[in-house]
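First up is the structure itself, then whatever we jot down about it.
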Amino acid sequence: MTVSYTLKVANARFGGFSKLLFRWKGSIYKLLYKEFLVFISLYSVFSVVYRHALNGDQKRMFEKVAKYCNQYINLIPIAFVLGFYVNLIVNRWWGQYTNIPLPDQLMCVVSSTVHGADERGRLLRRTLMRYANLSSVLILRSVSTRVLKRFPTMDHIVDAGFMTREELKKYESLASDFNKYWIPCVWFTNQAAQARRDGRVRDDIALKLLIEELNKYRAKCSMLFHYDWISVPLVYTQVVTIAVYSFFAACLIGRQFLEGNGVEGNNQEKNLDVYVPVFTLLQFFFYAGWLKVAEQIINPFGEDDDDFETNRLIDRNLQVSLLSVDDMYQNLPPMLKDKYWDEQMALPPYTVATAAETLKPSFMGSTFDMRIDGDPDQHQQVAATPNLPRARTPMLSRFLPSPAIGMKNLMGRGPRNPLVRLRGEGSPNNVHYSEIDQDYRIDEEENTEDEKESRASEPPTPKVASRVPRRLEASEKQKKMEQPKPIPILITVEEPSEESIEQDPGQ
């Protein structure tokens, strides 16, 4: 029977797990106490023999062996090997649990797609669900010792009502060397197809849904069979077992108290003789207990305390499946207006024990608690930036307070404004452009990744190869710097008004 302690750990409190340490059923004490007693007994035997049965030379030899064992015992990777193995076993255990076939989805589909309130319709629905439950009983009987003890022969399955005598004859007449748990699933599909031909299943979509749910149910039965067939490789289990046993076999001698009668022992201080190796026993409790946990859950279809209750599961599945397709078919309560029919907001009542939960506001999102600047100028809406040519600014201007300060401004050339300015009241035609001399364009220093990426995104422009030497190119730039600076010309384009168009229609 599965040991459940979920209610005991529903709330985290002081000493919550400590109270679970005193439980016996399903505990590590019940699982490990025999091995623990054997280890203590063997350790005590070696200790008594060393202290009282050996002479001086024999004690010195025993001390050498003990020191050798204690020195090289850590070469056994017990923590790594055992931890990885237990992790594999736990994942396998959870996979077997999730693949236990449950008829809940299938029974809902059968109840909604197989129609007929007469005796024929009732018989059809109950037969379909009986076939599904028979398939799960056959596979659980193949993998679970509890179910096999309950149904040792096929006659016991017939007596339990999962199969009729005629069906047993059909089942046994089909010769196969493999497990025949899938035969009831084939009976299910044939009966569903016959129900479609008889009109019990109204359309092909309903039949398709019915077959798909059955295939999901059959797939879980198949996975249980494969979990039972394909075990964890035996070599891995043997490696882990040998690692644990050899580690603690070395501990029986290596962790003994030594009197120090050897040559090296005379120059050393004597250790505290506590007679009971507390930390060695704790180490045995943890590592050997870890191995016993893996041993218990590697096959959860046995009869351990925490193995699956397969017999109770069979009873539950048969009862709820037949109830859903028979007594509950078209047996619906009348539709009435709910309690909150005339209310705008539905709010179920709370008890006195849970009324404090209403004082806490509901969660609206993490940004609802963010403080926003109270400056009203920051909340005004502005139009999106137009798609203008990208302003080319030198590298130094990006780190200075004013964008008008660049490398050439620091050299005495004065500020230049290469940007296009937009003026107007929102009309795209009422725009003023300032003519920019190409000689006064600020050279861009393409030294950053952002500039390179922006250049790569722009359409390529044809370039003319220039073979001018660098010195000559520099002299040309200096000549341009010495030339007089032309005055920028401001060109204003005004949008023509309707009156001017009416007065001069010929233009």
HN-Hα J in Hz across region 42-51 - Karplus 6.51, -1.76, 1.60, θ = phi - 60°, x for Gly and Pro: 5, 5, 5, 5, 5, 5, 5, 5, 5, 7
Accessible area per residue, Å², region 1-84 with all protein chains present, probe 1.4 Å: 75 Å²
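Over all directions, average the projected area of the Cα convex hull of region 14-128 and note it in nm². Walk me through the numbers on the way to the answer.
On the way: hull surface 62.9 nm².
Averaging across all directions leaves 15.7 nm² for the Cα convex hull.
What does the charge count around G15 come to, taking other residues whose C-beta lies under 15 Å from its C-beta (Lys +1, Arg +1, Asp -1, Glu -1)?
Numbers: positive: K8, R13, K19, R23; negative: none.
It works out to a net charge of +4.
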Ordering of 75-87, 216-228, 367-379, 53-65 by burial proxy (mean other Cβ atoms within 10 Å per residue, highest first): 216-228, 75-87, 53-65, 367-379
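If you place +1 on the Cβ of every Lys and Arg and -1 on the Cβ of every Asp and Glu, how big does the dipole about the Cα centre of region 98-140 come out, in debye to the nearest 20? Don't jump to the answer; show the numbers that get you there.
Working: 5 positive and 3 negative charges, 21 e Å.
My answer is approximately 100 debye.
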Note, ³J(HN,Hα) from phi for region 105-113, Karplus 6.51, -1.76, 1.60, rounded to Hz, x at Gly and Pro: 5, 5, 5, 5, 5, 5, 5, 9, 10
Sparse-neighbour loop sites [chymotrypsin sites (Phe, Trp or Tyr not before Pro); region 151-193; at most 14 other C-beta within 10 Å; DSSP]: F178
Under Karplus coefficients 6.51, -1.76 and 1.60, residue-wise ³J(HN,Hα) of region 362-371 in Hz, glycine/proline x: 6, 6, 10, x, 5, 7, 5, 8, 7, 7
10 Å-binned pair-distance histogram of region 1-70 (Cα, whole percent): 15, 27, 18, 16, 17, 6, 0
Local electrostatic count at R141 - Lys and Arg +1, Asp and Glu -1, tallied over other residues with Cβ under 12 Å: +3
Solvent-accessible surface (1.4 angstrom probe) belonging to L31, in square angstrom, nearest 10: 50 Å²
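Can you check what the net charge comes to around R202, using other residues whose Cβ is under 15 Å from the Cβ of R202 (Lys, Arg +1; Asp, Glu -1)? All intermediate terms of the calculation are to be shown ahead of the outcome.
Values: positive: R125, R196, R197, R200, K208; negative: D198, D203, D204.
Its environment carries a net charge of +2.
Would you work out what percent of the accessible area of region 303-374, with all protein chains in place, is carbon or sulfur (probe 1.4 Å)?
Details: 3770 of 6470 Å².
On region 303-374, the fraction of accessible area on carbon and sulfur atoms equals 58 percent.
Show me the ranking of peptides 5-17, 132-144, 99-111 by mean Cβ neighbours inside 10 Å, starting with the highest.
Top of the packing list down: 132-144, 99-111, 5-17.
Rounded to the nearest 20 Debye, what is the dipole magnitude of region 127-249 about its Cα centre when Lys and Arg each give +1 and Asp and Glu each give -1 at the C-beta?
On the way: 17 positive and 12 negative charges, 44 e Å.
Using only the charged Cβ atoms, the result is roughly 220 debye.
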Shape box of region 304-364 [Cα atoms, principal axes, largest first, Å]: 47, 40, 25
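Rounded to a whole number, what % of the accessible area of region 40-188 do carbon and sulfur atoms account for, probe 1.4 Å?
Numbers: 4790 of 8000 Å².
Percent of accessible area from carbon and sulfur atoms in region 40-188: 60.
What is the Rg over Rh value, at two decimals, for region 68-167, using alpha-carbon atoms and the Kirkwood definition of Rh? All intermediate terms of the calculation are to be shown ahead of the outcome.
Numbers: Rg = 23.3 Å, Rh = 17.7 Å.
On the Cα set of region 68-167, Rg over Rh gives 1.32.
The values are calculated or read from the model by the stated rules, or taken from the named source; none is laboratory data. None of the values given here were measured: they were computed from a predicted structure. FYI the Cβ positions are ideal-geometry reconstructions off the backbone, even for glycines, and counts take in every protein chain you see. With ligands, DNA and RNA removed, areas are computed over all heavy atoms of the protein, side chains included. Shrake-Rupley method; radii C 1.70, N 1.55, O 1.52, S 1.80 Å.
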